[in-house]
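The values are calculated or read from the model by the stated rules, or taken from the named source; none is laboratory data. The shown structure was predicted, so the numbers you read here are calculated from the model rather than taken from an experiment. Ideal geometry is used to build each Cβ from the backbone, glycine not excepted, and the neighbour counts take in all protein chains shown.
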Amino acid sequence: MKRRTLIRVITFAVAAAAVLLVKNLMLMKENRSALLSIENNYSRAIEELSAAADNIRNTLQKELYAGTADMHSKLSQQLWRDSSTAKAALAQLPVEELQLENTYKFLSQVGNYALSVSEKVREGKEVSRQEYDDLSKLYDFSKKLCNDMWALENDIADGKVSLTKPSKSSQEKSPPSVTDGFTDFEEGFDSYPTLIYDGPFSDHIMEKQPLMIKGKENVTQDVAHRRASGALGIDIEKLDITLTENGKMPSFLFTVRDGSASCAVTKQGGYISYFLKSRDVIEKNISRDEALTAADKCLDSIGISSMKRTYHEEIGNILTVNYAYRQGDVCCYTDLIKVSVAMDNGEIIAYDARGYLVNHCTREFSQELKSVLDLQKKVSPHLTVLSRQLAVIPSDSEEELLCYEYKCETADSTHVLVYFNALTGKEEQILILFESESGTLTM
């Protein structure tokens, strides 16, 4: 072979190898991209399944404490939606080769069973002891499913479980597949029963036009500036206006130049809407009672009265206290204020009165109310009533409901709040309290 021919052959070979190398690199990149997309889809499905399992557990627990047809119907519809979401998420995961009859059976029957109980109650029949026992068994299985799902999600995050199966040619020891987790779930359903649903009301309060600022005169920026300075306890010279907030509650927003604090003041009426101080609270030098007293004094200094402490929570040496307005003997949960106290020195580092500004007004309550004792008879037999009071709560349609709030206790000492409409007698809401050393949360 001539030298020129040899050079050409070598050149073509190198070029061909380079083309193949580039093509392989592109294919590898595409494969990695496709694999990443698959893993992201699987991760999203796992999160949806975990959230749905959590909702199923919570709603089944409330079903045990429901005492009326309306509440059973409301909770059963929620169970139906959550079980459908869970089945849809499960269908997106790589578990085709597993026989998941019991898992699918649970997700399918939990909603159907709740609907059948609801229909029975609507026909005027009572939920039997056996049906309550069956609901209790469903709840026990839902707890296992929920706990296992969150454990699986954590294992995936820690790399202990792989969302995609390793290649058969791989010689390395790979983490277990996600299908192993579902095998554990399925084995856990072996004894599945044969069968013949920030303050507690803070989610809805910002969805309507604010009542407190309606018809109020606009204040100047200078007036708002002074009020923000007073609320934060910071010299006015250190406080700059950064922007204005529009929306349903137009406000001036003032911020300290180093970004350590900010405060919003409504343009109408000049009310302190909220403020926040950003700093770490490393130590805890005051007691919870002292922090609660500091929160009370904060409301007094701003000029807000007739507020009642409802729930509080301590996280990271910061105590956040929820207040609700009290009109006579009626607790208005919709008129909500939150105050956060730093437990190193008692400083108020957060204040949020937006719920109060949106909903607060003087209400006129009907005198023709249902008997509080008659409605108490409708409370689930699984609950013991400890106390009762009148309360205003929001509905899904943003309207306020005047209800009797029954604080109850279960056999395992869990506290539950049950709300019956004081005008119609309808069971409107059930909330389960989670009480710990850090405070009280509701579900």
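Tabulated values for the structure
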read-out	value
Strands (runs of 3 or more DSSP E) enclosed by segment 305-371 - at least 1 residues per element that are of a type in the set (Gly, Ala, Ser), closer than 20 Å to Leu232 by Cβ and touching a strand residue (DSSP E or B) at 6+ places or on another chain (Cβ under 6 Å)	330-342, 348-352
Lone qualifier among Lys297, Lys267 - being crowded, with 20+ Cβ neighbours inside 10 Å, of a type in the set (D, E, K, R) and under 18 Å from Gly230 (Cα atoms)	Lys267
Filter result (more than 19 Å from the chain's Cα centre (by Cα) and over 18 Å from Ser436 (Cα atoms)) within segment 309-339	Tyr323, Ala324, Tyr325, Arg326, Gln327, Gly328, Asp329, Val330, Cys331, Cys332, Asp335, Val339
Strands (runs of 3 or more DSSP E) fully within segment 373-443 counting 1 or more residues that are more than 21 Å from Glu313 (Cα to Cα) and more than 24 Å from the chain's Cα centre (by Cα)	384-394, 400-409, 415-421
Residue in segment 294-307 that is of a type outside the set (Gly, Ala, Ser), touching a Phe, Trp or Tyr at 6+ places or on another chain (Cβ under 6 Å) and under 23 Å from Asn218 (Cα atoms) present	no
Single residue of segment 68-83 satisfying the filter (out of contact with any helix residue (DSSP H, G or I) (no Cβ under 7 Å at 6 or more places or on another chain) and surrounded by fewer than 24 Cβ atoms within 10 Å (Cβ to Cβ)) that is nearest to Thr414 (Cα to Cα)	Thr68
Matching residues, segment 224-246, being closer than 18 Å to Tyr274 by Cβ and assigned to a helix (DSSP H, G or I)	Ala224, His225, Arg226, Arg227, Ala228, Ser229, Gly230, Ala231, Leu232
Filter result for the condition that a residue is modelled with pLDDT under 90 and farther than 24 Å from Ile337 by Cα, over Ile205, Ile196	Ile196
Residue in segment 247-266 that is nearest to Tyr356 (Cα to Cα), counting only those that are out of contact with any Phe, Trp or Tyr (no Cβ under 6 Å at 6 or more places or on another chain), in a strand (DSSP E or B) and not β-branched (Val, Ile, Thr)	Ser251
